[in-house]
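The values are calculated or read from the model by the stated rules, or taken from the named source; none is laboratory data. All values reported here derive from a predicted model rather than from experimental measurement. A quick note on method: Cβ atoms are made from the backbone with ideal geometry, for glycine too, and the neighbour counts reach across all protein chains shown. Heads up: the accessible areas ignore ligands, DNA and RNA and are worked out on the full protein's heavy atoms, side chains in. Shrake-Rupley method; radii C 1.70, N 1.55, O 1.52, S 1.80 Å.
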Amino acid sequence: MDWLFFSEIGLAGLGSGGLYALTGLALVLIYKATRVVNMAIGEILMLGAYVFMGFSAGLALPIWASIILAILVTGLVGGVVERAIIRPMLGESAISIFMITIGLGSVLIGVVEIIWGANPQRLIEFMPKDPIFILDAYLSPKVGYAFLIAAIVVGLFLIIFRTWRGGVALRATAGDQAAAYSMGINVPKVFSSVWVLTSMIAAGAGILVGSIGGISPDMGVYGLSVLVVVIVGGLDSLLGALIAGILVGLIETYAGAYLGGEFKMLATFMLLVVVLVIRPYGLFGTHEIERL
Amino acid sequence: MRIGTVKESYIADAALFDTKVQRGWMFALLAGLLLLPFFTGQYASYLVCLVLINIVSTAGLNILTGFTGLVSLGQAAFMGVGAYTVALMEIKLGTPFLLNLLVAGGLAAVIGIVVGLPSLRVKGLYLAIATIAASVILHFVFANWTSVTGGVSGLSMPPASLFGFEFIQPDQVYWIIMPITVIMLFGAANLFRTRIGRAFIAIRDRDISAEVLGIRLLRYKLLSFAISSFYAGVAGGLWAYFFRVVTPESFPLTMSIFFLAAIIVGGMGSILGSVLGAVFMTMVPEVLKMMVGVLSPIWPDAVAVMSPVRIIVFGGLIIIFLIFEPDGLAEIWRNIRRFFHLWPFKT
Amino acid sequence: MQMSQVSEQEVSPTLHTEGREILGVQGLSLAFGGVKALSHVSFSVKEGSITSVIGPNGAGKTSLFNSISGFYTPNEGTVKFLGQTMNNVPAPDRAELGMARTFQNIALFKGMTVLDNIKLGRHAHMKTNPLDALLYFGRARREEAELRKEVEEKIIDFLEIDHIRNQSVAALSYGLQKRVELARALAMKPKILLLDEPVAGMNREETEDMARFILDVKEEWGVTVLMVEHDMGLVMDLSDHVVCINFGQVITEGLPHEVQSHPDVISAYLGSGDVAALRKKFKEGK
């Protein structure tokens, strides 16, 4: 066994796991506040990457400005989407809204294809190119820096979530929308903020993911792996998303390296099946008591 | 206005088509289906066959999602199981096509049951995600079990044949597809006149109290999965006879979304809705194609935009119908009918 | 063995003498985490009787019902139905054995008509398999026709709901919904009927109708009734036997008037044993 290779793969896995954790966090956040699994998260992430490309390559703006603009624009799109198609469904069954987000995913793919074409593209390189060595193991600089950024964002986010009083409103909304509304919590506002915030997170993740592996309209498939992450971690657990993100990143990368690229998705979804059978509500998810 | 519909027995009241007018229309429709290939060209026959195949699969998904309330994104993958089964049996064994279709449905049903197994412990969103897992895993099997499935290049198969006659052209395969579709639609409609259909609806509406009424949840959820996948498997088998090439890319996840869109647009929990939805969704790309034909002289890029516009329309229809008409085209149809039944009185 | 004996011996419609125990609850305890919903509840329901469980809100009445019908698994104790221990019998099997119930917050199926809701009750006693159903020929057709006839002639006529049979249940008034729920429970061929607050939220007329139906179910159908109810008038008028519980424990049981005048029952409802003092307080406007 080649331990150097093994640890290099592990590092790469950690790196992609960091990005999964970041996107998973966005998905868990939406679920916690609105009890909706956003199936379009992968497409929103893709949109963010394309908007970044539009600003940086199309309009030739500086990188930092493009990143900020891309995140803002995607956040805006998230807000508009919430207002236009999620808000009218307030109070409807979670399954209906789930299906609406599937429809949203299709629409976003089509829009991106019309504006930017269906072919895969590369993003402008903006991360430092010096190779990173941890002990003797080589780590691609893109992956390394992407992980670093993801870790910082996740950390900041957790601090804000713990201390900010909006966190309470969010949990109250999740528990019972009608009750939260009557207690004076502005439920629509909570919904909007969550959609804007998570779209921004997804856009950031999209830029990182895209700068590592390039972008294409079908990179929304990334959302499927993120879905596995949140199910494995537990849909309502932030900690679960972080741990499962790393876990999925590692498993996927190892499967890809040792078995072949086509085994990546298989490994991820096998993990999902195992978790569904053993712990249906995820490693850290709460099992709600059902009442008659 | 509709009058004179007094029933003299409970059986007459429970009939599928309970008025003379309805029965008349039904016979007209069946006669139309019988005469259709004699009046249309190959392309129209092609479209009709495609619509019919989609109707079978949509009806199956509607039984699971619309009537039982279990969302599935695995319908296309189950169709794939049926298509590969038919292709393999036709190539390796050369057995009669009816048997092949039956086996295709049966095998898909078995796999459907396996996929449905988590439904006792998880429900709703979790189950939908489990069906995504099933489609990913099945896709992997189709693409990588090369010795059986032919890998990415797939399988090419001979046409269906009966007493030496080969069903090759669309207007020939039509005679296999049409009768099977009609029979399966009647089956689906019958299901909801019995205790089994009632149990499905009860599970959808309030699954815990259904149990206290004597309905075994797991058994009926699995049964719903089995019947739904059986329909998908047969539809996949018909698909295989129609195109005669089966590849892993024939049944992508987007196809499952297509069927989900079809039941939403048509009407969840309605057999009529399955038909309307499948017809509507299959014809959308055709209408777009026609529009492109009209537009391309003025706007040369129209062809390039065609594929993304189709995706947008699919997604958009899901969203629009869920927000504005969650009961789908079937409800619109019922409203029109009600209007004529009550005319000239208005409610 | 014992069970089959019981089911063979049909209860005659006019039977008034309370005979054997049909349902026995012995030392039933149920806890949700640290919260004790029931502790060591024991009582028995005699065949052909109307037994009522009373107690203040939150006393554990619905938890008791849920344990009896198999929705909750008790931590301790047993439920015996027709002499058979029910501990490991899942809810659908209990329904098949003849245990039917209604729910406090109405559990009708909104997507179905009144008629289909009632027919659903017969589910466990029908034999139609998926193949029969798809073909709708032979057994399926015959069974459905028989069921329809019986539902129409016995249940719908009896409960006077023939005018709404083809309506969707979602459009019905509360009182009618409760009646449809009773109809569905009757379609289950019950040996015992568990009614969870059958007249809660009804006006006087609807309550009187329901009281009449409950009495008829006992007298004409020979079905044993166990109900939870807050309407003391109804409980005192109908019941043969009353069980009062509070804080998950049986306080007292016996004939209606005995329970009514029992000091513990009064204090459970009013929170204090001193009724005279309370009355004085109210009069003083405090």
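Under the simplified labelling scheme, the residue B:291-residue B:11 pair shows an inter-label distance of 5.1 nm, with each label point 7 Å from Cα along Cα→Cβ. Cα convex hull, the protein assembly as shown: 225 Å³ per residue, rounded to a whole number.
Ligands, DNA and RNA left out, the 1.4 Å accessible surface of the stretch B:18-250 is 72% carbon and sulfur atoms.
Nearest 10 degrees is fine. How inclined is helix A:141-163 to the longest principal axis of chain A, computing both from alpha carbons? Once rounded, one gets 20 degrees.
Estimated from helical segments only, the mean residue ellipticity of chain C at 222 nm is -10500 deg cm²/dmol, where each DSSP H run of four or more residues counts as -39500 (n - 2.57). When the accessible area of chain A is computed with all protein chains present and a 1.4 Å probe, what percentage of it is carbon and sulfur? With neighbouring chains kept in place, the figure for chain A is 69 percent.
In the stretch A:105-137, burial by the other protein chains removes 40 Å² or more of 1.4 Å probe accessible surface, compared with the chain on its own, from A:106, A:107, A:113, A:114.
Compute the helix-to-body angle for A:94-116: its Cα long axis versus the longest principal axis of chain A, expressed 0 to 90° and rounded to tens. Between helix and principal axis, roughly 50 degrees. Once you treat every alpha carbon in chain B as an equal point and sum by Debye, what is log10 I(q)/I(0) at q = 0.09, 0.11, 0.12, 0.14 Å⁻¹? For the requested q values the scattering log ratios are -0.52, -0.78, -0.93, -1.24.
With the other protein chains left in place, how much accessible area per residue, in square angstrom, belongs to chain A at a 1.4 angstrom probe? About 43 Å² of surface per residue is accessible. At a cut-off of 10 Å², which residues of the stretch C:144-158 become less accessible once all protein chains are present than in their chain alone, using a 1.4 Å probe? The answer is C:144, C:145, C:148, C:149, C:152, C:153 - residues whose exposure falls by at least 10 Å² when every protein chain is included. Evaluated at q = 0.06, 0.07, 0.13 Å⁻¹, a Debye calculation over the C-alpha positions of chain C (equal weights, vacuum) places log10 I(q)/I(0) at -0.21, -0.28, -0.94.
Taking amide hydrogens as placed 1.01 Å from N in the peptide plane, the amide H of residue C:227 sits under 5 Å from those of C:51, C:52, C:53, C:195, each at least 5 positions away in sequence or on another chain.
I'd like the accessible area for residue B:165, computed on protein heavy atoms only with a 1.4 Å probe and all protein chains in place. Round to 10 Å², please. Rounded to the nearest 10, the figure is 100 Å². Legend: helices of chain B (whole DSSP H runs) are marked when their alpha-carbon atoms reach 24 angstrom or more along the helix axis and their mean Kyte-Doolittle hydropathy is at least 0.5; marked are B:20-39, B:42-61, B:97-116, B:125-144, B:170-191, B:217-243, B:271-295, B:302-324. For the chain pair C and B, the interface hides roughly 3200 square angstrom of accessible area in total, found with a 1.4 Å probe. Based on protein heavy atoms only, chain B ends up with 42 Å² per residue of surface accessible to a 1.4 Å probe. Residue by residue, the stretch A:119-129 carries 3J(HN,Hα) couplings of 7, x, 9, 10, 8, 4, 6, 10, 9, x, 9 Hz when phi is fed to the Karplus relation 6.51 cos²θ - 1.76 cosθ + 1.60 (θ = phi - 60°); x denotes Gly or Pro. Short-range pairs are left out: with C-alpha atoms under 8 Å and at least six residues apart, the relative contact order of chain C is 25 percent. The interface between chain C and chain A buries about 400 Å² of solvent-accessible area in total (1.4 Å probe, ligands and nucleic acids excluded).
For chain C, the share of accessible area belonging to carbon and sulfur comes to 51 percent (1.4 Å probe, ligands and nucleic acids excluded). For the set B:93, C:38, solvent exposure ranked by accessible area (probe 1.4 Å, protein chains only) runs largest to smallest as B:93, C:38.
In the full protein context, the stretch C:19-274 carries 39 Å² of accessible surface per residue, based on a 1.4 Å probe and ignoring ligands, DNA and RNA. When chains B and A come together, the accessible area they lose, probed at 1.4 Å and totalled over both chains, is close to 3500 Å². With a cap of 16 neighbouring Cβ atoms within 10 Å, and only residues DSSP puts in a loop, list the GluC sites (Glu not before Pro) found in the stretch C:141-239. Answer by residue number: C:160, C:220.
Note on the stretch C:41-99: with charges restricted to the Cβ of Lys and Arg (+1) and Asp and Glu (-1), its dipole about the Cα centre is near 140 debye. Its Cα centre serving as origin, chain C has a Cβ charge dipole (Lys and Arg +1, Asp and Glu -1) of approximately 740 debye. The label-point distance for residue B:146 and residue C:35, in a model that sets each label 7 Å from Cα toward Cβ, rounds to 6.1 nm.
Normalised by the number of residues in the stretch B:18-250, the mean separation of alpha-carbon contacts (under 8 Å, six or more apart) gives a relative contact order of 41 percent.
Largest accessible area first, the residues C:99, A:265 order themselves as A:265, C:99 under a 1.4 Å probe with ligands, DNA and RNA left out. Of C:149/C:189; B:221/C:80; A:129/A:264; C:110/C:178, which ones are farther than 20 Å apart at the Cα? Table pairs above 20 Å Cα-Cα are B:221/C:80; A:129/A:264.
For chain A, the average shadow cast by the Cα convex hull is 16.5 nm², which is a quarter of the hull's surface.
Each helix, a run of at least 4 DSSP H residues, gives -39500 (n - 2.57); summed and divided by the residues of chain A, these come to -23500 deg cm²/dmol at 222 nm.
Once you charge only the Cβ atoms, +1 for Lys and Arg and -1 for Asp and Glu, what is the size of the charge dipole of the protein assembly as shown about its Cα centre, to the nearest 20 debye? Magnitude of the dipole: close to 800 debye. Only helices reaching 15 angstrom along their own axis (Cα) with mean Kyte-Doolittle hydropathy no lower than -0.5 count here, and for the DSSP H runs of chain C these are C:174-187. The mean number of partner chain beta-carbon atoms within 10 angstrom of a residue's beta-carbon across peptide B:136-143 is 4. When only Cα pairs below 8 angstrom with a gap of at least 6 residues are kept, chain A shows a relative contact order of 37 percent.
Estimated at the nearest 10 Å², the accessible area of residue B:301 is 90 Å² with a 1.4 Å probe.
When all protein chains stay in place and ligands, DNA and RNA are ignored, the 1.4 Å accessible-area order of C:76, A:43, largest first, is C:76, A:43. With the cut-off at under 20 Å, measuring from each backbone N in the stretch C:171-194 to a point 7 Å along the Cα-to-Cβ line of residue C:93 picks out C:189-192. Between helix A:263-278 and chain A there is an angle of about 40 degrees, using the helix long axis and the longest principal axis of the Cα atoms.
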